[in-house]
Amino acid sequence: MEKLIIRGNRPLRGEVTISGAKNAALGILPACILSDEKCKIENLPNIKDIQNYISILTRLGAEVDMLSNGRTCIDAQKINYENTSSAHEEIRNMRASYYLIGALLGKCKRVEIPLPGGCDIGPRPIDQHMKGFQALGAEVYIEGGKVIAKAEELLGATIFLDVVSVGATINIMLAAVKAKGVTAIENAAKEPHVVDIANFLNLMGANIKGAGTEVIRITGVEHLSGCTYMVIPDQIVAGTYMLAAAVTYGDILVKNIIPKHMDPLTAKLNEMGILTEEYDDAIRVIGKENPKAANVKTAPYPGFPTDLQQPMAVLMCLADGVSTIHENVFENRFKYLDELRKMGANVSVNGRTAMIIGNGKLTGSVIKATDLRAGAAMVLAGLAAEGKTEIMGLNHIDRGYEDMEEKLRSLGADICRVSAKEDADEIDHEVC
Ligand code: UD1
């Protein structure tokens, strides 16, 4: 077991380049299953979730060539739904494995996989995914911990999602690209990665219109060809580094991003009195002591992303006054606040609302990452805190952040990863 040791309370300064979007790549990889040729994907982040997904595709029968610098060539022609049993463990451990249902249904008209896992942030049903597949003509049911879906043929249909769901929107899109006729997904999610996956499918020859709006129309095609595609930058990782500048009162140029995707966070930082400068593909964040308190309500895109509410809570701990977070997307996304309490945070939770009374500082403690974005929040808290912070549960952080320690060190952070068995005090401080 490993842990991170951070000696905080030092401003981070410099430039950081953001890698490809995890949640876009996790849809693009299974989308390759639908192609009749090889696909070359560029800007894949080097993170555990992507390595695991590639391993799943390989077990299913895909030929995968890992090229350098985040480029991968995938030939999924030999993928067969019957091979999924060899990947059950990996499928069970990952939320985005649910995209195998849409992709395999689209390709083979049959799929049987374990129910997906993922971060423990409250109930995460897949009823809207299933409703979509059923509308397309599939028989779908859950039995013995598995999702089973089969169809003679898939026929286009209109599907109104009861909740705005990123996963259901993408999954139905995957199943519908090769269905006969026209499918309309109404009340669709508009997240940047929904658009990215639609762009990838269109480049392969799909006919998808309206991605990024509330109604997506998909006219089925018979074949999808190969293509070369570059994954968009990661909105949530970019937001994490923007917040790293804010919580350390530093000055960071966050590069290789799409600034428009950052609008909900940039606006909130500005409201808190933090300066930002926007460039074509970068944002500079100049932190300031005692930022103003703020209220955040998470919402589907273009609202404030739920995946940034945990990192944002750290800034609120340092703010001047009372801040609130209303979590509209997931039922149980405040567990991490117990860890921030250990660092001196003054927080209370009432249902879906958290109140944070900022007192200008956090103090180092031994804390753990309870899920991926909670992990990012713990790192930010450690960077901001006075004294030494030790963070356990790094498996969560490694799922979604490429080279996090190296990137933070290059910005001036005192951070190192050690085996949890080692006594941190014995480690030469220079290696941190
Ligand atoms: C995706 C992201 C996750 C992000 C979330 C919201 C991936 C791999 N994960 O998760 O990082 O936090 O979007 O932006 O891309 N719901 C239902 N029934 C369904 C599906 C969803 O009730 O069939 C509910 C969920 O419980 C939740 C809400 O809808 O309350 C939104 O969930 P959804 O957008 O589907 O999130 P995920 O796709 O799981």
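The values are calculated or read from the model by the stated rules, or taken from the named source; none is laboratory data. Values in this document were obtained by computation on a predicted structure and should not be read as measured data. When we count neighbours, we look across all protein chains shown, and the Cβ atoms used for this are built from the backbone with ideal geometry, even at glycine.
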Looking at the range 362-393 only, could you name the residues that are in contact with a strand residue (DSSP E or B) (Cβ under 6 Å, 6 or more places away or on another chain) and of a type in the set (D, E, K, R)? K368, E386, K388, E390
Suppose the filter is surrounded by fewer than 16 Cβ atoms within 10 Å (Cβ to Cβ) and within 16 Å of the ligand (Cβ to nearest atom); does D281 pass it? no
Exactly one condition in (1) within 16 Å of the ligand (Cβ to nearest atom); (2) touching a residue at least 60 places away in the same chain (Cβ under 8 Å) is not met by L315; state its number. (1)
Residue pairs qualifying under the 8 Å Cβ cut-off, at least six apart or on distinct chains, with the first in the range 155-177 being within 13 Å of the ligand (Cβ to nearest atom) and the second being acidic (D, E) and assigned to a loop (DSSP other than H, G, I, E, B), are V166/E191
Filtered residue count, the range 196-208, keeping only those that are more than 13 Å from the ligand (Cβ to nearest atom) and over 15 Å from A176 (Cα atoms): 1
I'd like to know if the range 311-333 contains one or more residues that are surrounded by fewer than 24 Cβ atoms within 10 Å (Cβ to Cβ), modelled with pLDDT of 95 or more and either assigned to a helix (DSSP H, G or I) or among the basic types (K, R) (or both). no
Pairs under 8 Å by beta carbon, first residue over 28 Å from E153 (Cα atoms) and modelled with pLDDT under 95 in the range 110-137, partner among the hydroxyl-bearing types (S, T, Y) and not in a helix (DSSP H, G or I), six or more apart or different chains? D120/T370
Taking N290 as the residue in question, decide whether it is in the same structural domain as L380 (by TED's automatic domain parsing) and touching an Asp or Glu at 6+ places or on another chain (Cβ under 6 Å). yes
Candidates I232, I286, I216, I236 - the one that is within 16 Å of the ligand (Cβ to nearest atom) and either small (G, A, S) or more than 30 Å from T370 (Cβ to Cβ) (or both): I216
